[in-house]
Amino acid sequence: MKRTPEAEFRTKRLNQWVASQQTWLPHGTWDALAEDFDWDEEDEYVLGFDGSYSSDSTSICAVTIPQGDELPKVKLVATWEKNFGVDDDSWRVPIAEVENTLLEWCARYPKVREVACDPFRWQRSMEALQEAGLPIVEYKTSYLSLMIPASQKVFDAVVEKKLIHDGNPALARHLDNCVLKVDAKGARVTKEHGNSRRKIDNAIAFIIAFDRATQGKLEEEELIPQFFEF
């Protein structure tokens, strides 16, 4: 059953336009899904990647493709973030380190079905990783046709306890930073405002990975990169 956040319910069912922002996930629901588990080399999974250049975070999140009655497992692989409160405009995301992390993770856990990413500012890296054999696919987070249903899917899975995660505090913090934006286009997650230091990139990488990992059977043709043309 689809669960409707309060702001969306008030907008769509009661014809009340809600101006105030609210935290996306109900309090305590994410923490309740934390479990100890090992990442099995035999697990098939999807990586979600959300990259930035300087001010925002860059994140890699893994979600297993559920088999049978298994619940998807969620693990934040790595995140790079400017230290909160540190006024250092020279900080940049270490691109080579990010690329090597993706390569090393996929070499250690070879059953990766997709590396789903938003190519904005990372096209050259994605091309290089694609040439190295990683199954890169495009996932544009600016497309509301993707993010609105993906946000709803994750919300439903969390409140209905249909996933588990390893309790990573950085992912929990970014999920706590997510607010729900509701307008005539639909409901989706966003930052509290455009210049906020309360980052959500780990959450976006998770949403990308969860959406793709739970699409059902991933067709073989989806593994053929067709998105990056230079």
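Please indicate, with yes or no, whether at least one residue in the stretch 83-92 is buried (at least 20 other Cβ atoms within 10 Å of the Cβ) and under 21 Å from residue 189 (Cβ atoms). Working first, answer last.
Residues of the stretch 83-92 buried (at least 20 other Cβ atoms within 10 Å of the Cβ): none.
Scanning the stretch 83-92, I find no residue that is buried (at least 20 other Cβ atoms within 10 Å of the Cβ) and under 21 Å from residue 189 (Cβ atoms), so the answer is no.
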The correct count of residues that are crowded, with 20+ Cβ neighbours inside 10 Å and more than 16 Å from residue 73 (Cβ to Cβ) in the stretch 157-174 is 1
Of the numbered conditions (1) out of contact with any strand residue (DSSP E or B) (no Cβ under 9 Å at 6 or more places or on another chain); (2) touching a residue at least 12 places away in the same chain (Cβ under 8 Å); (3) of a type outside the set (A, V, I, L, M); (4) closer than 30 Å to residue 181 by Cβ, residue 143 satisfies every one except a single condition; which is it?
(2)
Please tell me if residue 57 is touching a residue at least 24 places away in the same chain (Cβ under 8 Å) and either more than 27 Å from residue 161 (Cα to Cα) or in contact with a strand residue (DSSP E or B) (Cβ under 7 Å, 6 or more places away or on another chain) (or both).
yes
Can you confirm whether the stretch 111-119 contains a residue that is in contact with a strand residue (DSSP E or B) (Cβ under 7 Å, 6 or more places away or on another chain), acidic (Asp, Glu) and not in a loop (DSSP other than H, G, I, E, B)?
yes
Residues that are without any contact (Cβ under 8 Å) to a residue 60 or more places away in the chain and closer than 24 Å to residue 47 by Cβ, drawn from the stretch 161-197:
169, 173, 177, 188, 190, 191
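Look at the stretch 132-156 and say how many of its residues are touching a Phe, Trp or Tyr at 6+ places or on another chain (Cβ under 9 Å) and buried (at least 17 other Cβ atoms within 10 Å of the Cβ).
In the first step, residues of the stretch 132-156 are kept if they are touching a Phe, Trp or Tyr at 6+ places or on another chain (Cβ under 9 Å); the result is 136-142, 146, 150-151, 153-155.
If we keep only those that are buried (at least 17 other Cβ atoms within 10 Å of the Cβ) as well, we get 136-137, 139, 141, 146, 150-151, 153-155.
Number of matching residues: 10.
So that you can scan it fast, the table gives a plain yes or no per residue for (1) under 17 Å from residue 27 (Cα atoms); (2) assigned to a strand (DSSP E or B):
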| position | (1), (2) |
| --- | --- |
| 137 | no, yes |
| 141 | no, no |
| 149 | no, no |
| 152 | yes, no |
| 156 | yes, no |
| 162 | yes, no |
| 172 | yes, no |
| 176 | yes, no |
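Does residue 187 meet the test of being out of contact with any Cys (no Cβ under 9 Å at 6 or more places or on another chain), small (Gly, Ala, Ser) and not in a helix (DSSP H, G or I)?
On the way: out of contact with any Cys (no Cβ under 9 Å at 6 or more places or on another chain): yes; small (Gly, Ala, Ser): yes; not in a helix (DSSP H, G or I): yes.
Answer is yes for this residue.
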Residues of the stretch 55-93 that turn out to be touching a Cys at 6+ places or on another chain (Cβ under 7 Å) and either modelled with pLDDT under 95 or assigned to a loop (DSSP other than H, G, I, E, B) (or both), as a count
0
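Please specify each residue of the stretch 1-54 satisfying the condition of being assigned to a loop (DSSP other than H, G, I, E, B), of a type in the set (A, V, I, L, M, F, W, C) and modelled with pLDDT under 90.
Let us first name the residues in the stretch 1-54 that are assigned to a loop (DSSP other than H, G, I, E, B), namely 1-5, 13-21, 24-30, 35-44, 51-54.
Then drop every residue that is not of a type in the set (A, V, I, L, M, F, W, C), which leaves 1, 14, 17-19, 24-25, 30, 37, 39.
1, 14, 17, 18, 19 - these are the residues of the stretch 1-54 that are assigned to a loop (DSSP other than H, G, I, E, B), of a type in the set (A, V, I, L, M, F, W, C) and modelled with pLDDT under 90.
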Go through the residues of the stretch 117-127 one by one and say whether even a single one is under 22 Å from residue 39 (Cβ atoms), modelled with pLDDT of 95 or more and surrounded by 18 or more Cβ atoms within 10 Å (Cβ to Cβ).
no
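The values are calculated or read from the model by the stated rules, or taken from the named source; none is laboratory data. These numbers were taken from a predicted model, which means no experiment stands behind them. Reconstructed Cβ throughout: ideal geometry from the backbone, glycine too, with neighbour counts over all protein chains shown.
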